[in-house]
Amino acid sequence: MKETRLGEFEEIILLLVGILENEAYAFKIAEEFESQTGKSVSIGATHSTLDRLCNKGFLTSKLGEPTAVRGGRRKRIYTISASGQRALEASKNLRISLWNQYPAFTKFTFQT
């Protein structure tokens, strides 16, 4: 049976794929991760996480068109699958539920 849970890093990478849409390729995802979090990430960690998310069925990928900038090489573009969307929704709902139960924040209500 495939793993259906998301680790924190996987969740962030999956969200970045959604944010970047047609520009969701490994180098751009790593660059955006660093921009959004202020933390560095290796391209190897990015690639292995993208592969893991594909194996879990949360992402699909296709090769983009070759570009002169890349010496004729093609980029692998990632897209969130329906099960990836469901995994993100479940993760979001769990986190919001937990935040809403945290006593220090009981006067606030976080929305799903």
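The values are calculated or read from the model by the stated rules, or taken from the named source; none is laboratory data. The model shown is predicted, which means the values in this text are computed figures rather than measured ones. Backbone-built Cβ (ideal geometry, glycine too); neighbour counts: all protein chains shown.
Worth a mention:
- Test: residue in segment 91-99 that is surrounded by 13 or more Cβ atoms within 10 Å (Cβ to Cβ) and more than 17 Å from residue 10 (Cβ to Cβ): yes
- Each residue in segment 74-85 was checked for being more than 14 Å from residue 51 (Cα to Cα), surrounded by 13 or more Cβ atoms within 10 Å (Cβ to Cβ) and out of contact with any Pro (no Cβ under 7 Å at 6 or more places or on another chain), and 3 pass.
- Residues of segment 47-103 classified as part of a helix (DSSP H, G or I) and in contact with a strand residue (DSSP E or B) (Cβ under 8 Å, 6 or more places away or on another chain), total: 5
- Filter pass, residue 71 being without any contact (Cβ under 8 Å) to a residue 24 or more places away in the chain and of a type outside the set (Phe, Trp, Tyr): yes
- Residues of segment 48-86 that are within 12 Å of the chain's Cα centre (by Cα) and farther than 19 Å from residue 21 by Cβ: 51, 52.
- Of the residues making up segment 1-46, those that are in a loop (DSSP other than H, G, I, E, B), touching a residue at least 60 places away in the same chain (Cβ under 8 Å) and either touching a His at 6+ places or on another chain (Cβ under 8 Å) or not aliphatic (A, V, I, L, M) (or both) are 4, 5.
- Some residue of segment 21-38 being at pLDDT 95 or above and in contact with an Asp or Glu (Cβ under 8 Å, 6 or more places away or on another chain): no
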